[in-house]
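A.B. asks: Take this structure, written in structure tokens, and hold onto it; I'll ask about it next.
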Amino acid sequence: MADPTASTRSYVAPGAAAHVPSVADVPELALAFVLVPQFTMLAFTSAVEPFRIANQLTRKQLFRWMVYSADGQPVQSSTGLSLAVDGTLPREVDEDYVFVCGGVTPHLTMGKSIGDWLRVQWRHGRNVGGICTGAYALARAGILDGHRFTLHWENIPGFTETFPALQPLHKVFCIDGRILTSAGGVASADLALHLIAHWCGPDLARKVMEMCLLSHNRAEGAGQISSTAARMATRNPTILVATAYFDETFDLGHDVPSCLEHLGVEMRQVQRLFRKHLGITPAQYLSERRLAHARMLLAETNLPVTEVAIASGFSTRSAFSRSFRKKFGCSPHSFSSFSR
């Protein structure tokens, strides 16, 4: 059911103490958000709130937004909470920007129909975007070829298996012409702040950032996750080189000795350093990396178990199944069925 208050919605919240006294006169910017089932609530609210705060600080309706779903009915988020929308997808939106808000199981929720609809908006000159896993919808629309784009790092392995010709970037957000994508989570706020700065100037964007209690606004080129050194809590060069190589080549099926031979380091030295700094062996690190990748593919794609095993660097399906069951307590097949 559409939200009956949509036509009377106020986009400027009253009574706020903070105020930005002067903003250059700019035309109103209209945005449309399309929610798909299992969308990520954090990513959606992080995208909308900065625009609301910008209106609140200036006491002006600089931004307005509408929220749509495929059938006009409330949409259940990945939290289990449902959100009412303003209506069903119009044949052509009036808004300047259209964002598809994705979440978990994008391979199931981002079907051909939403891709076809988004392609129409693109052809009519709209700026189109994907939030969290919304890039799946842009890929279904066939408009990502030759463009820079991103989505949440957890979903990138499944995305590249589904769309092997497309290579997403591990960035918090990307803007490439009329295509805007965000990795989701609080990265949606980074993208929103960028648009506010572009539309209304950096001073307002800075004030909005402070109201959001964000310490800084990450630039488009910022990575989604911390550096390898920060994640490993070590700056040991041998550890960093070895783990980086494992991360880049885990799917090729190389064993640890061949990897270390390529790096020109001794097995005994690396074994000692891994145990000292990470508390595990190099073989355990490599296995964990492969299993994490396999789990993502089982959850985010329809690939059969054998193909998942190969894509994750396991020599045989049986070896993969044994390792997966030992790690996660169930078979790859049962986990794949459960994740559907």
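A.B. asks: Of all residues in the range 308-340, which are in a helix (DSSP H, G or I) and under 21 Å from TYR245 (Cβ atoms)?
C.D. replies: Of the residues in the range 308-340, the ones in a helix (DSSP H, G or I) are 308-311, 317-328, 332-339.
Selection gives ILE310, ALA311, SER323.
A.B. asks: Ok, one more. Only one of LEU195, LEU180, LEU144 is buried (at least 16 other Cβ atoms within 10 Å of the Cβ), aliphatic (A, V, I, L, M), in contact with a Leu (Cβ under 8 Å, 6 or more places away or on another chain) and part of a helix (DSSP H, G or I); which?
C.D. replies: Selected residue: LEU195, the only one of LEU195, LEU180, LEU144 that is buried (at least 16 other Cβ atoms within 10 Å of the Cβ), aliphatic (A, V, I, L, M), in contact with a Leu (Cβ under 8 Å, 6 or more places away or on another chain) and part of a helix (DSSP H, G or I).
A.B. asks: Something else now. If only one of THR88, THR58 is polar (S, T, N, Q), touching a residue at least 24 places away in the same chain (Cβ under 8 Å) and surrounded by 18 or more Cβ atoms within 10 Å (Cβ to Cβ), which one is it?
C.D. replies: The conditions single out THR58.
A.B. asks: So which pairs qualify, if the first residue must be in the range 33-55 and touching a residue at least 60 places away in the same chain (Cβ under 8 Å) and within 24 Å of GLY115 (Cβ to Cβ), the second must be β-branched (Val, Ile, Thr) and assigned to a helix (DSSP H, G or I), the Cβ gap must be under 9 Å, and the two must be at least 6 apart or on different chains?
C.D. replies: Filtered contacts from the range 33-55: PHE33/VAL48; VAL34/ILE114; VAL36/THR109; VAL36/ILE114; PRO37/THR109; GLN38/THR109; PHE39/THR109.
A.B. asks: At least 3 residues that are hydroxyl-bearing (Ser, Thr, Tyr) and at pLDDT below 95 in each: list the strands (runs of 3 or more DSSP E) lying fully within the range 22-107 that qualify. Quick ask: steps written out before the conclusion?
C.D. replies: Numbers: elements: 29-35, 63-69, 97-101.
Those strands (runs of 3 or more DSSP E) do not exist here; none qualify.
A.B. asks: Can you report the number of residues in the range 159-170 which are buried (at least 18 other Cβ atoms within 10 Å of the Cβ) and touching a Phe, Trp or Tyr at 6+ places or on another chain (Cβ under 9 Å)? I'd like the intermediate steps shown before the answer.
C.D. replies: Just the residues of the range 159-170 that are buried (at least 18 other Cβ atoms within 10 Å of the Cβ), to begin with: 159, 161-162, 168-169.
With touching a Phe, Trp or Tyr at 6+ places or on another chain (Cβ under 9 Å) added as a condition, the list becomes 159, 162, 168-169.
So the answer is 4.
A.B. asks: Which of (1) farther than 27 Å from CYS200 by Cβ; (2) in contact (Cβ under 8 Å) with a residue 40 or more places away in the chain; (3) over 18 Å from the mean Cα position of the chain (by Cα) is the odd one out, the single condition LEU108 does not satisfy?
C.D. replies: (3)
A.B. asks: Which residue is modelled with the lowest pLDDT, if the candidates are limited to the range 249-307 and must be assigned to a helix (DSSP H, G or I), hydroxyl-bearing (Ser, Thr, Tyr) and surrounded by 13 or more Cβ atoms within 10 Å (Cβ to Cβ)?
C.D. replies: So, considering only residues that are assigned to a helix (DSSP H, G or I), hydroxyl-bearing (Ser, Thr, Tyr) and surrounded by 13 or more Cβ atoms within 10 Å (Cβ to Cβ), the one modelled with the lowest pLDDT is THR249.
A.B. asks: In the range 32-77, which residues are hydroxyl-bearing (Ser, Thr, Tyr) and more than 16 Å from CYS101 (Cβ to Cβ)?
C.D. replies: Scanning the range 32-77 gives a single hit, THR58.
A.B. asks: Output the residues belonging to the range 119-140 that are more than 12 Å from the chain's Cα centre (by Cα), closer than 17 Å to THR150 by Cα and part of a helix (DSSP H, G or I).
C.D. replies: ALA137, LEU138, ALA139, ARG140
The values are calculated or read from the model by the stated rules, or taken from the named source; none is laboratory data. No experiment lies behind these values; they were computed from the predicted model shown. Ideal geometry is used to build each Cβ from the backbone, glycine not excepted, and the neighbour counts take in all protein chains shown.
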